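Below: one structure, written as structure tokens.
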Amino acid sequence: MIAIAEDGLLVAAGVLAGIVGTAGGITSLISYPALLLVGIPALPATVANTVAIVACWPGSAAASRPELRGQGPWLRRWIPVAAAGGTGGSVLLLVTPAGVFGQVVPFLIAAGSLALLLQPRITAGSQENGRRGAGLLLAAGVLALAFYNGYFGAGAGVLTLSLLLLTADSQLTRANALKNMLVGAASIASAVTFVILARVDWAVVAPLAAGMLAGSTLGPRVARRMPPGLLRWLVALMGLGFAIRLWVS
């Protein structure tokens, strides 16, 4: 009965995490604490969470087809960069103390959330001054955030969304769809690395991933129907709340 209850909790957490994450929020805000709640230690929980998040990619891709139409060349250019970053971050996680980089995570998530709130103003200023340097910032940012996604991951979606809004596409739902594809590519590369080099707790990955697959088909539709301003505030406040929680703990 306990195992059934734990599986049910993980499925439910996966559904909610899939919706939140693919709508622009933080998947790990829900999925990672759920893994800790059922008794998984921190490092195995990080590995299991990353592997389970792969299930969000096909669902979000299918649900985001209107926003992704015509984005094939852009995705073919940047998905390999994200995959390379995710692989590097995962390898680093497995060979270094897990808490070293975690100390700056709350500040990174808070910075990304504030950038998301200020994005319309920043974008307007960048359009007035031109977008010189945006390509270099995008390249460095995609690689760095994918690396971070492979190492720790929590808040990588919010940070990537903020980056894309500032450098690639100021339309929120389209930037969110592109973000889902980049985060998905980094997560797949990280998951493959963990499967090869680490021990994966498939007993918790399976129910969590099943829930995420279902939830990820709903997230882009939720984002599409919400006013951009409201979505931006909800995601940013969620990110700030998560940053505060991490900082306190």
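Coordinate-derived values only; no laboratory data. Keep in mind it's a predicted model, so treat the numbers as computed, not measured. Note: ideal-geometry Cβ built from the backbone for every residue, glycine included; neighbour counts use all protein chains shown.
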To one decimal place, what orientation-averaged projected area in nm² is obtained for the convex hull of the Cα set of the range 132-209?
5.7
Multiply the residue gap between residue 198 and residue 36 by 0.36 nm, knock off their C-alpha separation, and tell me the result in nm, one decimal place.
56.5 nm
If R0 is 25 Å, what FRET efficiency do you get for residue 74 and residue 114 from their C-beta distance, rounded to 0.05?
0.45
Measure nothing fancy, just the Cα-based angle from helix 105-129's long axis to the longest principal axis of the chain, in degrees from 0 to 90, nearest 10.
20
With everything on Cα atoms, drop me the angle between helix 228-248 and the longest principal axis of the chain, reported from 0 to 90° to the nearest 10.
50
Could you state the angle between the C-alpha long axis of helix 2-22 and the longest principal axis of the C-alpha atoms of the chain, as a value from 0 to 90 degrees rounded to the nearest 10?
0
Positive end of the charge dipole of the range 2-248 (Lys, Arg +1 and Asp, Glu -1 on Cβ, about the Cα centre): tell me which of 198, 178, 39 has its Cα farthest that way.
178
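Kirkwood Rh over Cα pairs of the range 2-248 into Stokes-Einstein at 20 °C, 1.002 mPa s: D in µm²/s? List each step's numbers first, then the result.
On the way: Rh = 17.6 Å.
Using the Kirkwood radius from Cα pairs, D works out to 122 µm²/s.
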The chain, helix-only ellipticity at 222 nm - DSSP H runs n ≥ 4, -39,500 (n - 2.57), divided by all residues, nearest 500
-27000 deg cm²/dmol
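What FRET efficiency comes out for the pair residue 65/residue 139, r = Cβ-Cβ distance, R0 = 25 Å, nearest 0.05? Don't skip to the answer; put the middle values down first.
Values: r = 26 Å, r/R0 = 1.05.
In this case the efficiency is close to 0.45.
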